[in-house]
Amino acid sequence: MDKLSFTISVDVDGEVRRAGHLVNLIVEPGAKIRDITHGVTSKEIVYKEDSITFCKAGSMILDGTNEKFEKSYALDHPLTAKELADLICDFEKEARDKFTWLGGVDVHHVFFEGLDQVGPKKYEISWGS
């Protein structure tokens, strides 16, 4: 899992634009995520546990909330890199709708940087821009 690296594409029903003079990408408040996709195709086994939980916590400074969101997935087989990326995208579709980035859903942080283990079989997803 340490070598997994990919970029996601966040498809929203609003216009994606730059935030003023910043390089940050934003979308207007109220825009909804239609889909989140990735290009991972590797069939290399990267996760062998029987479940995985992803979690995300809000930031009062960035999105005005201390809300927490987590989602667990029961697994009946080891995950390939592609399957893990599929689950990450599934989680992000829900998580990004619950938090804001400069007023709208986060369309800016799309570079997967890794998983930070925060408990047994429980991970926070790190995103870069």
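The values are calculated or read from the model by the stated rules, or taken from the named source; none is laboratory data. Keep in mind that this is a model prediction, so the values were computed, not measured. Note that each Cβ is placed from the backbone with ideal geometry, even for glycine, and that neighbours are counted across all protein chains shown.
Key figures
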{"read-out": "Top-ranked residue of the range 17-45 - restricted to ones that are modelled with pLDDT of 90 or more and of a type in the set (A, V, I, L, M), ranked as nearest to Gly103 (Cα to Cα)", "value": "Val27"}
{"read-out": "Test result for His77, out of contact with any Asp or Glu (no Cβ under 8 Å at 6 or more places or on another chain), under 13 Å from Ile52 (Cα atoms), not hydrophobic (A, V, I, L, M, F, W, C) and not in a strand (DSSP E or B)", "value": "yes"}
{"read-out": "Cβ-Cβ under 6 Å pairs, at least 6 apart or on other chains, the range 106-118 side touching a residue at least 12 places away in the same chain (Cβ under 8 Å), far side of a type in the set (Gly, Ala, Ser)", "value": "His108/Ser129; His109/Ser129; Phe111/Gly128; Glu113/Ser126; Glu113/Gly128; Gly114/Ser126"}
{"read-out": "Residue list for the range 92-123, restricted to those being surrounded by 17 or more Cβ atoms within 10 Å (Cβ to Cβ) and farther than 16 Å from Val12 by Cα", "value": "Phe112, Leu115, Tyr123"}
{"read-out": "Filter result (β-branched (Val, Ile, Thr) and closer than 22 Å to Arg18 by Cα) within the range 97-129", "value": "Thr100, Val105, Val107, Val110"}
{"read-out": "Failed condition for Glu124, given (1) out of contact with any Asp or Glu (no Cβ under 6 Å at 6 or more places or on another chain); (2) within 27 Å of Asn24 (Cα to Cα); (3) touching a residue at least 24 places away in the same chain (Cβ under 8 Å)", "value": "(1)"}
{"read-out": "Residue under evaluation Leu115, criteria (1) of a type in the set (A, V, I, L, M, F, W, C); (2) assigned to a helix (DSSP H, G or I); (3) over 20 Å from Val27 (Cβ atoms), criterion not met", "value": "(2)"}
{"read-out": "Hits in the range 112-129 - residues which are over 9 Å from the mean Cα position of the chain (by Cα) and either among the β-branched types (Val, Ile, Thr) or over 11 Å from Ile88 (Cα atoms) (or both)", "value": "Glu113, Asp116, Gln117, Val118, Gly119, Pro120, Lys121, Lys122, Gly128, Ser129"}
